[in-house]
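To start, the structure under review is shown below, and the notes come after it.
None of the figures in this text is laboratory data; all of them are computed from the coordinates on show. Remember, predicted model here, so these are calculated numbers, not experimental data. Here Cβ is always computed from backbone atoms with ideal geometry, including for glycine, and neighbour counts include all displayed protein chains.
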Amino acid sequence: MSQSEVRKVWWCRSACMRSKAEHKRQLQHMLVVANHILHYHQVVDGFGHVSVRHPGRPNVYVMCGYMPPALVESADDLIEYYVDGSDPVDPDAKKGYSERFIHGEMFKRYPDIQCVVHSHAEVVAPYTISSVPLVSLLHMSGFLGMSEFHRSAASPS
């Protein structure tokens, strides 16, 4: 390989590495902004969180450490986790959310998804401790199936 060919290979590799590093920085910035947007629009409260799949390592995802979304400021507040097991990539990483396992399992189960949002929706929480069944009230909630009320209304008398 000639010296000019070596330079071309080095330049291409260097440019590729720079673009990967730049892509990672952009992703980290977008994750910080996503935390703020979701908090501002009250999609997540102090306990909800968002994660993204690592752009160059699909077996890794990134989310903020143990802090409310509104307080996430920079890449220093983010932690990388392995999808399988949700262990931190850096064993010395600061404390993270225990709900990170939800994110890891979602990334594992659905390899094509790039983002997970987990929230503690107050309007849904009562149904998690109640014996009252969820009933579909809108056409968008048909996935809940038909209740006795719907079945009796649908059958002719």
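For a test of the definition: using alpha carbon positions, the gyration tensor, and the 1.5 limit on a/c, classify segment 69-124 as rounded, prolate or oblate.
On the way: a/c = 1.77, a/b = 1.09, b/c = 1.62.
Oblate, because a/c is 1.5 or more while a/b does not exceed b/c.
Projecting label points 7 angstrom from Cα along Cα→Cβ for ASP84 and PHE47 puts them 3.2 nm apart. What is the list of residues in segment 101-122 whose amide nitrogen lies under 12 Å from a point 7 angstrom out from the Cα of ALA93, following Cα to Cβ? Zone members listed by number: 101, 103-104.
For a label point 7 Å from the Cα of ASN59 along Cα→C-beta, name the residues of segment 70-93 whose backbone N is under 18 Å from it. Once the point is set 7 Å along Cα→Cβ of ASN59, 80-91 turn out to lie under 18 Å by backbone N, inside segment 70-93.
Is segment 21-120 rounded, prolate or oblate when judged by the Cα gyration tensor, a ≥ b ≥ c being the square roots of its eigenvalues, rounded requiring a/c under 1.5 and prolate requiring a/b larger than b/c? Walk me through the intermediate numbers first.
Values: a/c = 1.35, a/b = 1.23, b/c = 1.10.
It comes out rounded by the Cα gyration axes.
Under the simplified labelling scheme, the LYS20-ALA70 pair shows an inter-label distance of 3.9 nm, with each label point 7 Å from Cα along Cα→Cβ. Straight-line cross-link reach from LYS95 at under 20 Å between alpha-carbon atoms covers these aspartates and glutamates, not counting any fewer than eight positions away in the same chain: ASP45, GLU73, ASP76, ASP77, GLU80, ASP84, ASP87, GLU105.
Neighbours of PHE107 by Cβ distance under 11 Å: Lys/Arg scored +1, Asp/Glu scored -1, total +1. The length gained by stretching the chain between SER130 and GLU105 to full extension, at 0.36 nm per residue less their Cα-Cα distance, is 6.4 nm.
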